[in-house]
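Here the structure comes first, spelled out in structure tokens, and everything after it is commentary.
Derivation of every value follows stated rules applied to the coordinates shown; laboratory data play no part. Source: prediction; values computed, not measured. Neighbour counts are summed over all protein chains in view; Cβ atoms, including those assigned to glycine, are modelled from backbone coordinates with ideal geometry.
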Amino acid sequence: MTTNHILTVENLSTRFQTPDGEVEAVNNVNFHIDPGETLGVVGESGSGKTQIFLSLMGLLAKNGTSTGSVRYKDKEILNLRSRDLNKIRGVSMSMIFQDPMTSLNPFLKISRQMTEVLVEHRGMSEADALKRAIAMLDRVGIPGAAQRVHMYPHEFSGGMRQRVMIAMALLCDPEVLIADEPTTALDVTVQAQILDLLRDLQKDFNTATVMITHDLGVVAGLCDRVMVMYGGRVVETGTVRDIFYDSHHPYTEGLLKSMPRIDRANEDSMFAIPGQPPNLQNLPTGCAYQERCGYVMDRCCVERPLLKGFGDGRASACFREDGQ
Amino acid sequence: MMNKSEKTALLQSAGATKEIEGRSLWRDARIRLFRNKAAVGSMIILGIITLLAIIAPLLSPYAYDQIDWGYIQEGPNWENGHIFGTDGNGRDLFVRVLYGARVSLAVGLLATAVSLIIGVTYGAIAGYFGGKIDSIMMRFVDVLYSLPFMFFVIMLMVVFGRNIFLIFVALGAVEWLTMARIVRGQTLSLRRREFIEAAHATGVSNFKIIFRHVIPNVLGPVIVYMTLTIPQVILTESFLSFLGLGVQEPLTSWGVLISEGAKVIEASTWMLIYPAVFLALTLFCFNFIGDGLRDALDPKDR
Amino acid sequence: MTAMTAPDKRDNAPILSVRDLKVHFPIPGKGPFAKDRPLKAVDGVNFDLFPGETLGVVGESGCGKSTLGRAILQLIAPSGGQVAWLGKDIVGIPHRDMQPLRRDLQIIFQDPLASLNPRMTIGEIIAEPLVTHKPELGKDEIKTRVKRMMARVGLLPQMINRYPHEFSGGQCQRIGIARAMILEPKLIVCDEPVSALDVSIQAQIVNLLQELQREFDLSLIFISHDLSIVRHICHRIMVLYLGNVMELADRDSIYAAPRHPYTKALISAVPIPDPEIERNKERIVLTGDLPSPLSPPSGCVFRTRCPFAQEKCATDVPTIDRVSETQEVACHFHDSI
Ligand SMILES: Nc1ncnc2c1ncn2[C@@H]1O[C@H](COP(=O)(O)OP(=O)(O)OP(=O)(O)O)[C@@H](O)[C@H]1O
Ligand SMILES: Nc1ncnc2c1ncn2[C@@H]1O[C@H](COP(=O)(O)OP(=O)(O)OP(=O)(O)O)[C@@H](O)[C@H]1O
Ligand code: SF4
Ligand code: SF4
Ligand SMILES: [Mg+2]
Ligand SMILES: [Mg+2]
């Protein structure tokens, strides 16, 4: 099969063994990413957003296993040996995290951490690598990059560190950039800067981007397509307009309604989805959203709704559309 | 909607009759501890040793200070009832090892308890109040640390004579220093936690905050350290006994027995081996339990 | 709208009046002989709070929001200024006199789990303020009240013997609210009470706080960095920057017509969950980061990032000007920009 998808994920499932039983963190997830496109992944905390991408980057915790298929272009990469994976990881596919300090080594200068990749993967000389590192820091808007490159991570502010992370992720011109809540820890004004930067970079580099976030506002401004997760499964996918203006799944609908908006004077009380997020360790039989859903039917409690497509790459996992 | 209302109805009917029991962190830890084979095995062995020590007089026809003139320094012999043999005074070694266990375990437990009470209170107060109070209290600990305590204990023994009570106090007084430091460190980091601040905001008194909020939350590392202190105290007591400063004859401890055995190691190996095996076994057991507790109390480390 | 427009209680006396409140932390200088330098976490804040009112405190990380909240409750000793509670200054009053006041002053924290003692059952946690302030109540009476409060905040009363780690974040926050409410206080400082929660749970907690506020005529100080939530719950909003008040206005004025350049930038930076609006809205993107609070800029503290900064801003500290009945702004040029 030849497609122009850069990344194709099929039937990806990820499980964790814990002393208290198995956790099904990711269940049967399917999606793909095309060049230059931004995919937004939204969902409640613990819904499996991060684990999908840790699985495909081969970065799962030791107690986790994944099954299914992940193809980078036409090459199967799920469960590859890490030696083979390293040819792709950080080179063609990079990931940035919420807390930059976890992925920066506090004891090494930024220059060292940035040139290492280039020297190793691109065979560049130290001097060339340093030049490229400085150019990249400059590109992500770090003032005085030539001097700053010789500083340690703790000498940067939170926003600056996130810029450094983005610069590092883009060093080898990756085709896929996975951003896991890159702005959640930042202030709104700095978040706005970083989002602007990501928008710009995408125009320049045509990188396929995955934006994991719980902020629907970020998705609205940045993404082309959206994938909504609930309880370890994808419950709805569609273009950003489909999702925001014509959502089909009750969870998506509830999420959008419960989002406070800065551009609107509010009514008396906020719309709230009742109940608590599900516990992945003992999901109910049937739909994971049943206890909080306003449309719940008898069928929802016994049978699990499958993700069903209805034209134009849209899909939703809910019985409501079936009309009983 | 049916499903939901059904569930709430169910929950409400349950609520009318019964409060749901919670699973405390202690219970979780206990469950994890009991999954650890080495720790459970150690607890069983220690239990047996303790039990033997308690019922020692019932197990043997001989008393610990009774001299059996017929068998002076004889090897183990099942027929005459001296199953571990006898010592140079013709006293039954089996009974003496178990009586030694009484003393050694008692010293270990009591001295540790002394260090626990002083150390935890002292450390929690220093860490909780912080600032100048903390500096002064911890400087005092530093000063005590730098004194050559072994020497101090030996001096005490020489001046006041061999007194088992003194041993408890002396050992406890040495061990609380480390305990205080551990507790203080834990308290310092706890002090900034929101639940302590919430208690403050409500107007709970400092004294109650320390005993209700601080101490229960530092108990984890304290218990681990405690299980490692007991064998240390037993060893220190043995060392004192080895130097001839331990308990008074005819009472005995493992340290005393080992030191006597070591003197006659060539002629009568059993006099060294039996107490030594008991001592080593006990030390190992405490260490395994300590390790098990550490894992059980720190769930991140599963 | 009706219920949300600021309560018509301005004619009443404020329950809390904060005047020129300052909190300076001494930071040890570098080198053995260097003097301590003051970190001005809160530097001259003024406001009044009326019964039944919610005041929002917004600003970026490190601007002194939490410090302000704690200084009001005397959990941190202020370095200067006054905090008048029911007309009486409580700054520096003896511990003994402060204790009885604490039953009317409560706090809720950002991290729901960390604000509950992991070794206590939630029944013990919620009962603690009662046990402290009303020791005369019997065990049964305390338990009844705790259960009643649990039901009120949406927890099943039979969960009374459970431990915090057995609850989700949203439920833990409800426990925190139950503890704060059990003495029926007059003021609760909410320090980012929903920031750590999922969007779908945030709305539940905000609604709960609003219901309780109406029921008990509570005053709230709602600290947050999320301007959308603040728009929803607060009657008036105070914008802080490096420990200084930039703007203080009622909700409708501040969102409809922000007057301070920083407020404008803050509001425009919040993403709107609507693709059309979000992609076409006008954006004011501030450059640079927050300056170090140890060496704040001279004059107007915002000038290093202000797109309208002029020479005067570097030399003169702007005073807070009242631009309308309900709006105060600290900017030299609020008329012209
Ligand atoms: N090592 C592990 N062992 C057991 N369970 C795990 C492990 N790592 C993650 N999980 C579980 O997998 C589930 C999915 O986690 P994931 O990190 O993908 O959530 P998320 O959607 O990224 O949430 P967040 O928004 O909080 O980052 C969670 O319920 C988590 O408890
Ligand atoms: N105990 C302290 N000692 C010294 N400096 C402190 C102390 N507490 C706070 N600060 C400093 O005071 C300033 C204000 O801190 P504060 O916690 O009030 O900010 P905040 O607005 O609540 O931020 P956030 O949104 O991150 O919670 C910060 O620069 C902080 O580093
Ligand atoms: S399947 Fe049923 S319970 Fe699940 S979202 Fe659809 S209507 Fe609701
Ligand atoms: S006083 Fe000057 S620097 Fe400050 S906000 Fe106004 S224009 Fe900007
Ligand atoms: Mg995540
Ligand atoms: Mg804060």
- Item | CD proxy at 222 nm, helix term only [per DSSP H run n ≥ 4: -39500 (n - 2.57); per residue of chain B; nearest 500] | -24500 deg cm²/dmol
- Query: Per residue of B:27-37, what is the mean number of Cβ atoms on other protein chains within 10 angstrom of that residue's Cβ?
  - Reply: 1
- Can you list the residues, at least 5 places off or on another chain, whose amide H is less than 5 Å from the amide H of C:Val23, using H built in the peptide plane? C:Ala41, C:Val42, C:Asp43, C:Gly44, C:Ser79
- Item | Residue list for segment A:10-44, given a label point 7 angstrom along the Cα-to-Cβ vector of B:Lys37 and an amide N cut-off under 17 Å | none
- Query: Against the longest alpha carbon principal axis of chain A, how many degrees, from 0 to 90 and to the nearest 10, is the axis of helix A:158-170 turned?
  - Reply: 80
- Overall form of the protein assembly as shown per C-alpha gyration tensor (a/c, 1.5; a/b vs b/c): prolate
- Where a label projected 7 Å from the Cα of A:Asn279 along Cα→Cβ would reach, residues of segment C:103-117 with amide N under 18 Å: C:113
- Item | Reachable lysines, given that their alpha-carbon falls under 26 Å from the alpha-carbon of A:Lys109 and they are not under 8 places away in the same chain | A:Lys87, A:Lys131, C:Lys30
- Task: Would you mind telling me the antiparallel percentage of the DSSP bridges in chain A, rounded to 5?
- Result: 60
- Neighbour-count ranking for A:Thr209, C:Thr121, B:Thr269 (other C-beta within 10 angstrom, fewest to most) reads B:Thr269, C:Thr121, A:Thr209
- Message: Classify chain B from the C-alpha gyration tensor, please: rounded if a/c falls under 1.5, else prolate or oblate depending on whether a/b exceeds b/c.
- Response: oblate
- What is the distance, in nm, between label points placed 7 Å from the Cα along the Cα-to-Cβ direction at B:Ser189 and at C:Asp335? 5.7
- Item | Relative contact order (%) - criterion: Cα under 8 Å, at least six apart; region: chain C | 19
- Task: Provide the FRET efficiency to the nearest 0.05 for the C:Ser295-A:Glu10 pair, computing r from the beta carbons and using R0 = 45 Å.
- Result: 0.25
- Evaluate peptide A:190-200: per residue, the Cβ atoms of other protein chains within 10 Å of its Cβ; return the mean as an integer. 3
- Taking square-rooted eigenvalues a ≥ b ≥ c of the alpha carbon gyration tensor, is segment A:100-171 rounded, prolate or oblate, where a/c under 1.5 means rounded and, failing that, a/b exceeding b/c means prolate? prolate
- Task: Would you calculate a helix-derived [θ] at 222 nm for chain C, using -39,500 (n - 2.57) for each DSSP H run of n ≥ 4 and dividing by the full residue count, to the nearest 500?
- Result: -9000 deg cm²/dmol
- Item | Antiparallel bridges, percent of DSSP beta bridges restricted to chain C (to nearest 5) | 60
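Provide a whole-number value for the mean count of partner chain Cβ atoms within 10 Å of the Cβ atoms in peptide A:12-19.
Per residue, the number of nearby Cβ atoms from other chains is 1 on average.
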- Message: What is the distance in Å between the Cα centroid of segment B:122-175 and that of segment A:36-111?
- Response: 53
- Item | Average Cα contact separation per residue, segment C:258-337, under 8 Å, 6 or more apart, as relative contact order % | 28
- Note on the structure: To the nearest 0.05, the calculated FRET efficiency linking A:Asp138 and A:Met101 through their beta-carbon distance, R0 being 22 Å, is 0.45
- Message: Could you tell me how far the Cα centroid of segment C:107-185 sits from the Cα centroid of segment B:220-280, in Å?
- Response: 51
- Could you work out how far apart the two model spin labels at B:Ile67 and A:Glu303 are, taking each label as a point 7 Å from the Cα in the direction of the beta carbon, and quote it in nm? 9.5
- Amide H contacts of C:Leu16 (H built 1.01 Å from N, under 5 Å, at least 5 apart or other chain): C:Leu49, C:Leu86
- Taking the alpha-carbon centre of each part, the distance from segment C:39-79 to segment C:292-330 in Å is 19
- Task: Before anything else, pin down the relative contact order of chain B: Cα pairs under 8 Å, at least 6 apart, normalised by residue count, whole percent.
- Result: 24
- Query: Which value at 222 nm does chain A reach when only helices count, each DSSP H run of 4 or more adding -39,500 (n - 2.57), with the total divided by all residues and rounded to the nearest 500 deg cm²/dmol?
  - Reply: -8000 deg cm²/dmol
- In the protein assembly as shown, what % of DSSP beta bridges are antiparallel (nearest 5)? 60
- Item | Taking A:Ser69, A:Ser55, B:Ser259 and counting other C-beta atoms within 10 Å, the order from fewest to most | A:Ser69, B:Ser259, A:Ser55
- Message: Run the paramagnetic zone check for B:Asp28: 7 angstrom along Cα to Cβ, then residues of segment C:160-198 with backbone nitrogen under 15 Å.
- Response: C:162-169, C:172
- With axes computed from alpha carbons, what is the tilt in degrees of helix A:126-139 against the longest principal axis of chain A, rounded to the nearest 10 within 0 to 90? 50
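Take the Cβ-Cβ distance between C:Arg148 and B:Ile20 as r, set R0 to 22 Å, and report the resulting FRET efficiency rounded to the nearest 0.05.
Efficiency, from the Cβ-Cβ distance: 0.80.
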- Task: Return the loop-located trypsin sites (Lys or Arg not before Pro) in segment B:168-254 (DSSP other than H, G, I, E, B) with at most 10 other Cβ atoms within 10 Å of their own Cβ; answer none if there are none.
- Result: B:Arg192
- Task: Starting at the first residue of segment A:22-31, write each ³J(HN,Hα) from the Karplus equation 6.51 cos²θ - 1.76 cosθ + 1.60 with θ = phi - 60°, in whole Hz, x for Gly and Pro.
- Result: 8, 10, 8, 6, 10, 10, 6, 8, 10, 6
